[in-house]
Structures are given as structure tokens and as C-alpha cells.
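Bear in mind that the values in this text are calculations on the coordinates, not laboratory data. Quick caveat, the model's predicted, so the values are computed rather than measured. Note that each Cβ is placed from the backbone with ideal geometry, even for glycine, and that neighbours are counted across all protein chains shown.
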Amino acid sequence: MRRRFLTACSVVMLLAVTASAGGRGEQQPFRVQNAWARETAGIPRNAAAYLRLTSNSDTDDVLIGGYSAAAEVIEIHVHERNGDVMVMRPLHDGLAVPAGETVVLEPMGIHVMLIGLNHALEAGESFELELHFESGARVKTEVEVRPLRN
């Protein structure tokens, strides 16, 4: 009888520990959707990638950059109006991603800048992009390369 009780307690404790660890491990801190970039023409130097980024966390974080074999440097940039001219500048402090919210990186707004492309981006292909966050989180996604014009 005592042996059954101890076995049952051990099983319950093992299930509790597994469920607790599994819950944290399975939940990614961010979800990336609809990641895409435009194909590049000629001999490209730079390009931009766009996506929807949703925080699954209960704490705020900051997107600070990333890595891709497609480019030498990955930065977060924004287009802004300066009088009658649109200018692009890096977000040196990164992009705030509030807990539980979605931020959209889109043309003529905030975007992932791919600086020093290693090759032309061709429509129909894709490349891997790893996003880096202030918290140390890293999230990988595939970026679809779309035609210049639809």
C-alpha cells in the first residue's frame, strides 16, 4: 500500500514538473507572421524586410537588430517625413514591443534594414532572418522574397 502511494506521488510530481517546464519551453516569446522583402534589381547593396511581430510575453521588450546570412548587417530603421522629404534613419534604441501586443513593420514605416547584401534577392526565394531582442531572446523566421511589382 505504501509503495503504491509513493509511486502515485512520484508520478504526480513528475507530471507537474514536466507540465511546468513544458509550458515555458513550448511558448515562444514572439510570433512572427507575414515576413517578406522585395526582390532587388541590378547589383543591390541594401534591402528591407517587413513583418508582423506579436509578443507572447507578459513583459515589454525591444527589438534591437538581428542576423541573416543574406546581409552583413541587420538594423531596425524608420521612414519619417522631414518637411516635404521622406528620410530613413536607424532606431538606435531599437523598437519597443509591448507585452502582449503586435507591432507591424511595413513599407514607408518601421522596417528591418538588410545592409550589405551578399547576393540579389530574387522573387520566389526566401532567406532566414534571426531577430534579436534586448532581453536576449532570439527568434528565427523565413522571409519570402516578393516581386518588385505585383
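What Kirkwood radius, in Å to one decimal, follows from the Cα pairs of segment 30-146?
14.4
When Lys and Arg each count +1 and Asp and Glu each count -1, what net charge do the other residues less than 11 Å away from Arg89, Cβ to Cβ, add up to? Charge balance near Arg89 sits at -2.
Would you please give the FRET efficiency between Met88 and Gln27, computed as 1/(1 + (r/R0)^6) with r the Cβ-Cβ distance and R0 = 30 Å, to the nearest 0.05?
Taking R0 as 30 Å, the efficiency between Met88 and Gln27 is 0.30.
Only Lys, Arg, Asp and Glu carry charge here, each on its Cβ (+1 for the first two, -1 for the last two); on that basis segment 36-150 has a dipole of about 380 debye about its Cα centre. When Lys and Arg each count +1 and Asp and Glu each count -1, what net charge do the other residues less than 11 Å away from Glu144, Cβ to Cβ, add up to? Summing Lys/Arg as +1 and Asp/Glu as -1 gives -1.
The local environment of Leu129, defined by Cβ-Cβ distances under 12 Å, has a net charge of -2 under the rule Lys, Arg +1 and Asp, Glu -1. By the beta-carbon count within 10 Å of each Cβ, the least crowded to most crowded order of Ile64, Ile76, Ile43, fewest first, is Ile43, Ile64, Ile76.
Based on the Cβ-Cβ distance of Asn46 and Glu144, what FRET efficiency does E = 1/(1 + (r/R0)^6) give at R0 = 25 Å, to the nearest 0.05?
Given R0 = 25 Å and the Cβ-Cβ separation, E is 0.85.
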